[in-house]
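Student: Below is a structure I'd like to ask you about.
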Amino acid sequence: DYRRGGYHAVRIGDAFKNGRYVVQSKLGWGHFSTVWLGWDTQKSRYVALKVQKSAQHYTESAMDEITILQQVAEGDPEDQKCVVKLLDHFKHSGPNGQHVCMVFEYLGDNLLTLIKYSDYRGLPIHRVKEICINILQGLDYLHRQLSIIHTDLKPENILLLSVIDPSKDPIKSKTPLILPNSRDKSSIESAVSRLNANMGRETSAAKRAILEREGIKMGSRSTRQNLLASADLRCKLVDFGNACWTHKQFTTDIQTRQYRCPEVVLGSKYSTSADLWSFACICFELATGDVLFDPLNGAYILHFQDHLALMMELLGMMPRKIALGGRYSRDFFNKFGDLRHIRRLRFWPLNKVLVEKYKFSERDASELTEFLVPILDFVPEKRPTAAQCLLHPWINRIPCSLEPNQAQETQNSQKKRDKDEKEAMEIGMRN
Ligand code: ADP
Ligand code: MG
């Protein structure tokens with residue numbers, strides 16, 4: 001991918017935008033870009049620098065991403081909405097072409113890393129709730145205020161904020177760890193000793209983050225537990241590279257497969273409720289350490305049909321109208337709404353899965369099930385909105401981001417939804 005039209009080869013110490021941003025280490029990468037920890041020499045702070053591949057198609061998609069990110073930032077001047085902030089953007093010419101670069105506030109580990117730290121056994125339930133609140137606040141803002149659909153919600157695209165007191169946070173300290181073009185052993189050693197000198201035990205999560213980025217392994221067990229046990233986990237949504245508006249969509253082919261909702265699998269229309277399906281999958285994954293739906297990775301028909309079967313085994317049969325309502329429906333379902341190639345489904349409802357497979361207590365299982373099952377409704381319009389999820393007893397708190405009258409409004413629409421649901425059930429039973 002490091003050829004004309006592809007990634008730009010970035011080295012530690014490289015400078016961007018006439019020397020303003022100096023690359024410190026690699027943070028991550030995606031299909032479209034590589035992402036680097038940079039030092040902003042003008043503002044004396046760390047930033048994340050996303051360098052896009054250079055082909056026209058990637059450039060256009062980066063320009064759409066910037067438009068969306070600007071809208072996201074403009075609507076959130078107080079920085080309360082749990083979405084990443086775009087700070088700057090520019091173009092950078094290199095041997096592989098011209099690359100759009102985006103500069104973001106620097107955030108921490110993604111949620112997948114957190115799940116790994118739990119040894120894939122899931123986080124304590126109060127931790128899951130904290131994280132879910134932030135994700136829902138981000139979604140509520142995108143959906144209700146901006147009509148934006150994220151379309152690629154997954155643990156890798158949700159990043160933790162620094163977990164420690166900013167005054168003690170070396171990440172926010174005034175000295176970069178790596179000066180331009182000086183990545184050598186002594187600079188790393190002095191960075192480590194500076195960290196050791198400046199930080200108490202409680203800051204080891206940040207220390208670990210930095211040392212890992214420097215390629216230095218630390219005694220992992222205690223630091224992992226520190227991160228899991230730290231006071232206030234907060235997170236933000238990132239990666240708006242595939243986002244769109246409800247009224248302006250770019251493609252029908254959205255979402256990463258495990259987090260893909262049934263209407264997208266079936267080729268029906270989708271809206272903001274597609275993000276809520278992904279959210280429910282993530283919530284389950286945080287609580288158990290396992291992916292909720294992990295369809296076979298094979299040819300299109302096999303893979304999608306397996307995915308639909310997994311959904312129905314957990315949630316019951318899909319209403320016929322939904323099953324047959326998509327552009328691809330007839331590839332998977334016969335006219336009776338039965339899967340063409342998978343005959344026998346082994347139903348295993350969520351509360352039983354949680355108790356039998358993940359050893360949840362009956363009570364924890366039924367509470368989580370009551371929260372998640374409505375969000376995993378096959379009928380997209382019946383799924384609760386992010387604002388309604390925030391009012392659910394499982395989340396157990398009226399979020400401060402909702403004005404009292406909005407909270408009332410959402411409570412009313414929740415009541416209406418309950419009534420509609422009851423009616424729908426009664427009609428279903430009569431038929
Ligand atoms: P792509 O569109 O190529 O998937 P992302 O925006 O998802 O790019 O970034 C890729 C990875 O880079 C993320 O999964 C994360 O690990 C890291 N990353 C992205 N933005 C930041 C940030 N603001 N702070 C820290 N790391 C980041
Ligand atoms: Mg990504």
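Student: Assign one of three labels to the range 10-97, namely rounded, prolate or oblate, based on the Cα gyration tensor with a ≥ b ≥ c the square roots of its eigenvalues; rounded applies when a/c is under 1.5, prolate when it is not and a/b is larger than b/c, and oblate otherwise. Could the numbers behind the result be given before it?
Tutor: Working: a/c = 1.86, a/b = 1.17, b/c = 1.59.
Oblate is the answer for the range 10-97, as a/c is 1.5 or above yet b/c matches or exceeds a/b.
Student: Can you work out the PRE-style zone for Arg234? Point 7 Å along Cα to Cβ, and I want the residues of the range 63-79 with backbone N under 20 Å.
Tutor: Residues 72-79 qualify, since their backbone N sits under 20 Å from the label point.
Student: Relative contact order of the range 292-351, please, whole-number percent, based on alpha carbon pairs below 8 angstrom and at least 6 residues apart. Spell out each step's value before the answer.
Tutor: Numbers: 59 pairs, mean separation 20.9, N = 60.
Taking the mean separation of contacting Cα pairs over the length of the range 292-351, I get 35 percent.
Student: How much length is gained on full extension from Ile342 to Asn297, taking 0.36 nm per residue of separation minus their Cα-Cα distance? Don't skip to the answer; put the middle values down first.
Tutor: On the way: separation 45, 0.36 × 45 = 16.20 nm, distance 1.59 nm.
Roughly 14.6 nm would be gained on extension.
Student: Mind scanning Lys81/Lys352; Lys352/Lys382; Lys81/Lys382 and naming the pairs with a C-alpha gap bigger than 30 Å?
Tutor: Table pairs above 30 Å Cα-Cα are Lys81/Lys352.
Student: Looking only at Cα atoms, what is the convex hull volume of the range 1-61 per residue, in Å³?
Tutor: Looking at the range 1-61, the number lands at 88 Å³ per residue.
Student: Go through 337-346, 276-285, 139-148 and give me the packing order, highest mean Cβ count within 10 Å leading.
Tutor: Peptide ranking by packing, descending: 276-285, 139-148, 337-346.
Student: Further question on the same structure: Could you work out the relative contact order of the range 24-128, using alpha carbon pairs under 8 angstrom and six or more residues apart, expressed as a whole percent?
Tutor: Reported as a whole number, the value is 23 percent.
Student: Still on this structure: Among the listed pairs Lys26/Lys236; Lys116/Lys357; Lys43/Lys116, which have their C-alpha atoms separated by more than 22 angstrom in this model?
Tutor: Values: Lys26/Lys236 20 Å; Lys116/Lys357 19 Å; Lys43/Lys116 34 Å.
Table pairs above 22 Å Cα-Cα are Lys43/Lys116.
Each reported figure results from applying straightforward, stated rules to the coordinates on display, with no laboratory input. What you see is a predicted model; the values in this text were computed from it and never measured. Using ideal geometry, Cβ is built from the backbone for each residue, glycine included, and neighbour counts are taken over all protein chains shown.
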